[in-house]
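Notes follow the structure.
Here, each number is a calculation from the coordinates, and none is a lab measurement. Not measured: the values here are computed from a predicted model. Quick reminder, even Gly has a Cβ in these numbers, built from the backbone with ideal geometry, and neighbours come from all protein chains shown.
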Amino acid sequence: MKFNVNQQDLQQALNYCQGVIEKRSTLPILSNILLDAQNSKLTITATDLDLIFINQINNVEVIEEGKTTTTSSTMYDIVRKLSSGKKINLTLTDNSKLHLESEKSIFNLNCMPASEFPLTDENFNENEFSLKSKDLLKLLNKCKFSVSNDETRHYLSGIYFHQTEVEDKNYLTAVSTDSHRMSISKLRLNEKKIFEPIILPKKTIFQLSSLLENYDGEVKISNMKSKIKFELNNSILISKLIDGKFPNYIQVIPKNNQKKLEIDLKIFQSSVDRVASVSLDKKDGVKFSLSKDKLDLSVNNTNSGDGKESLVVKFDHDLEISFNSKYLIDVASQLDGNNIEMFLNDSGSPALIKDPGDFDSIFVVMPMKG
């Protein structure tokens, strides 16, 4: 095997591989990436057995076809320190070392045979549909911060994707919750798709997000019972799905929150952030004391002191309610409009948050006690 590849192309591909490969893997081969050079293309594959990432670099000068595997982290560390955009020459030597040369640098990396790399032949059914990368990224971004970290309830540690129908319109709806807060965002589909409901795992969500951030185009999606495949221009991500039943989230959406609070988004965000500075572990609630067109925010921490701030808002009632500041800031950071709209009921009921700039997304945040 012998080929030449551009440093930037290789660095970008290896960068994505880093996110897939587990740092402490029990199987040495899983710390490796599979390099396959043929037909003027270099295909790089990384897997942790639950997630497979395949990246194809085109226009590679392949002098001799072949394949091997080498340690991903070492190769990435070397490649990112080489001069940007320069040519890298790679050769597999007789004694199974990958000889890497660029400008005045020469490295010989240990290899393991490609035959040891765990590749599964994925037979995905024909139920394929496409979404624009920006639309899919929006669904992920609006929901990923509400995904649960609780290992015991594994069915909450992902985003639930399913089709919904509202007034004869079809949507792909994404939902996530950690039982303290919930995010729901939907995307209009031009027609009903053949798509079974799935729960996409957290690690896959973050890998997919980073791929989509640098890609503008169509994403082809196909899923079978326990796996899903995302195809971008030169990358493929195949992921196992979370096996479990997502709870009935519709019944958690507050139905009778009549008290509408409207605040300038940027002012609200920075104000909550400032007041919460006094809380060291962010566990103290931000207390809302609401009266007509006025919101007093306060945080009280026994160890470090207290802070308060007053805001002019649109509100027509009297109410006291407390929230986790991080939850409010997380939601606020994903809103598109200039204002944030909170619909409240009483001090013990969840708040419904809407975005005047995006009618397809809503958020629910539970209040804190006391």
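Here K294 is the anchor, and the aspartates and glutamates within straight C-alpha reach of less than 14 Å, apart from those fewer than 8 places off in the same chain, are E262, D264, E309, D316, D318, E320.
Using only alpha carbon pairs under 8 Å that are at least six residues apart, calculate the relative contact order of region 214-370 and give it in whole percent. Please report the intermediate quantities before stating the final value.
Working: 313 pairs, mean separation 31.3, N = 157.
Here the relative contact order equals 20 percent.
The Kirkwood radius of the chain, taken over pairs of alpha-carbon atoms, gives through the Stokes-Einstein law at 10 °C and 1.306 mPa s a diffusion coefficient of 68 µm² s⁻¹.
Over the chain, what is the relative contact order in percent, taking alpha-carbon pairs closer than 8 angstrom and at least six residues apart? Please report the intermediate quantities before stating the final value.
Numbers: 829 pairs, mean separation 45.9, N = 370.
For the chain, the relative contact order is 12 percent.
Cross-link pairs exceeding 26 Å in C-alpha to C-alpha distance, out of K255/K292; K138/K292; K142/K169, comprise K138/K292. Global dimensions of region 34-190 from alpha-carbon coordinates: Rg and Dmax equal 21.6, 66 Å.
Sites listed here are trypsin sites (Lys or Arg not before Pro) in region 210-242 whose DSSP assignment is loop and whose Cβ has at most 13 other Cβ atoms within 10 Å: K225.
A DSSP coil position with no more than 14 other Cβ atoms inside 10 Å describes the following trypsin sites (Lys or Arg not before Pro) in region 288-370: K292, K369.
What translational D, rounded to a whole number of µm²/s, comes out for region 193-288 from Stokes-Einstein when the hydrodynamic radius is the Kirkwood one over Cα pairs, at 37 °C and 0.692 mPa s? Could the numbers behind the result be given before it?
On the way: Rh = 17.9 Å.
Roughly 183 µm²/s, to the nearest whole number.
Between region 208-278 and region 37-92, what is the separation of their alpha carbon centroids in Å? Centre-to-centre (Cα) distance: 31 Å. Close Lys pairs in region 2-116, defined as Cα atoms under 16 Å apart and 8 or more places apart or on different chains, number 10. For the chain, the longest principal axis of the Cα atoms and the long axis of helix 202-213 meet at an angle of about 80 degrees.
The overall shape of region 68-133, judged from the alpha-carbon gyration tensor, is oblate: a/c is not under 1.5, and a/b is no greater than b/c. Counting Lys and Arg as +1 and Asp and Glu as -1 over every other residue whose Cβ lies under 10 Å from the Cβ of F288, the net charge comes to -1. So what is the diffusion coefficient of region 2-116 in µm² per second by Stokes-Einstein at 20 °C and 1.002 mPa s, using a Kirkwood Rh over Cα pairs? D, rounded to a whole number, is 153 µm²/s.
Could you give the length gained by full extension between E167 and K81, i.e. 0.36 nm per residue of separation minus their alpha carbon distance, to one decimal place? Before the final figure, lay out each step's value.
Numbers: separation 86, 0.36 × 86 = 30.96 nm, distance 5.52 nm.
Gain in length upon complete extension: 25.4 nm.
For the pair E22 and S115, label points projected 7 Å from Cα toward Cβ lie 2.6 nm apart.
Considering only alpha-carbon pairs that sit under 8 angstrom and 6 or more positions apart, the relative contact order computed for region 2-116 is 30 percent.
Exposed loop sites are taken as GluC sites (Glu not before Pro) in a DSSP loop (any state but H, G, I, E or B) with at most 14 other beta carbon atoms within 10 Å; the longest stretch of the chain without one runs 192-370. Which one of L14, L241, L280 has the biggest mean-square fluctuation once the chain is modelled by GNM with Cα springs under 10 Å? Checking each option, the largest mean-square fluctuation is seen for L280.
Ordered by the number of other Cβ atoms lying within 10 Å of each residue's own Cβ, fewest first, C111, C17 fall into the sequence C111, C17.
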